[in-house]
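Below is one structure; the comments refer to it alone.
The values are calculated or read from the model by the stated rules, or taken from the named source; none is laboratory data. The structure presented is a predicted model; accordingly, all values stated were derived computationally and were not measured. With ideal geometry, Cβ positions are generated from the backbone for all residues, glycine too; neighbour counts draw on all protein chains shown.
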Amino acid sequence: MRPTALTCLLLSSMALPAATISWHVSVDSGGIAGTTPGYIDVQFNQANSTTTLAATASVTDFSSTGFTFDEAGNLYLGGVTGSFASGLLVLDNTGGGSNVFDQAVTAFGSGFGFDVTFAGEALSTTALDGSGFFVSLLGPGFEPLVFTDGVVAALAINGDTSVTSTPTALSVISRLSEVPEPYSGPLLAAGSALLFLWKRQLWRRLRKPRLSKRRELSARDLQT
């Protein structure tokens, strides 16, 4: 294999999509426990920029303590599918604008938590992104139940394969282990193997003339 072809293969393997980034979010809602109807508001929105790239936020493993939910009252806006109850909630900001899931709450409990995994083009580039993931506690008229804006946790994709977490006094946000793309390992291994074979072949080609010259010198020495 030519070095140029091998180089292309290695570069293509290194250009694979970035690993997904996962976080666990825990929210303390004890201060409003027992509050009558409202919403757990979850949003994943693009920044107001033409450089914003596509990304998805997948919410899994949702759990809560003391909450009563009204699944029929859930509200959706934009690229949102699934729900907390279904075990998978996906917010896709490819279409731009606002992507909102409002989990209808009959009565708030003392706390809840979930995992959120970010994936997509925005994690594979150094371009500035700025997509934001927000969790808020809102009343029946979408008024904030905590703080001035209701936001209890936020995460932002930076567009440089990193995510910035912004917890509040009512939340804890912790990084989970990174999950590599399933096909990147085999390609990198294949690239390493090809590089080894190419080096071995090159070594043999360079070594042969030296051996031949060494034999000629030995024969000449014997004749003298």
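Structure notes:
- Filtered by the rule that a residue be among the charged types (D, E, K, R) and either under 14 Å from residue 69 (Cα atoms) or within 19 Å of the chain's Cα centre (by Cα) (or both), region 84-143 gives 92, 102, 115, 121, 129.
One line per residue, one yes/no per condition, for (1) among the hydrophobic types (A, V, I, L, M, F, W, C); (2) in the same structural domain as residue 142 (by TED's automatic domain parsing); (3) at pLDDT below 95:
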site: 53; (1), (2), (3): yes, yes, yes
site: 58; (1), (2), (3): no, yes, no
site: 66; (1), (2), (3): no, yes, no
site: 72; (1), (2), (3): yes, yes, no
site: 75; (1), (2), (3): yes, yes, no
site: 92; (1), (2), (3): no, yes, yes
site: 97; (1), (2), (3): no, yes, yes
site: 102; (1), (2), (3): no, yes, no
site: 107; (1), (2), (3): yes, yes, no
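- Restricted to region 140-171, and to residues there that are in contact (Cβ under 8 Å) with a residue 24 or more places away in the chain, under 12 Å from residue 39 (Cβ atoms) and out of contact with any helix residue (DSSP H, G or I) (no Cβ under 9 Å at 6 or more places or on another chain), the residue that is surrounded by the most Cβ atoms within 10 Å (Cβ to Cβ) is 150.
- Identity of the residue in region 74-83, under 15 Å from residue 133 (Cβ atoms) and either outside any strand (DSSP E or B) or of a type in the set (D, E, K, R) (or both), that ends up farthest from the chain's Cα centre (by Cα): 78
- Test: residue in region 68-75 that is within 23 Å of residue 173 (Cβ to Cβ), touching a residue at least 40 places away in the same chain (Cβ under 8 Å) and either touching a Ser or Thr at 6+ places or on another chain (Cβ under 6 Å) or buried (at least 22 other Cβ atoms within 10 Å of the Cβ) (or both): no
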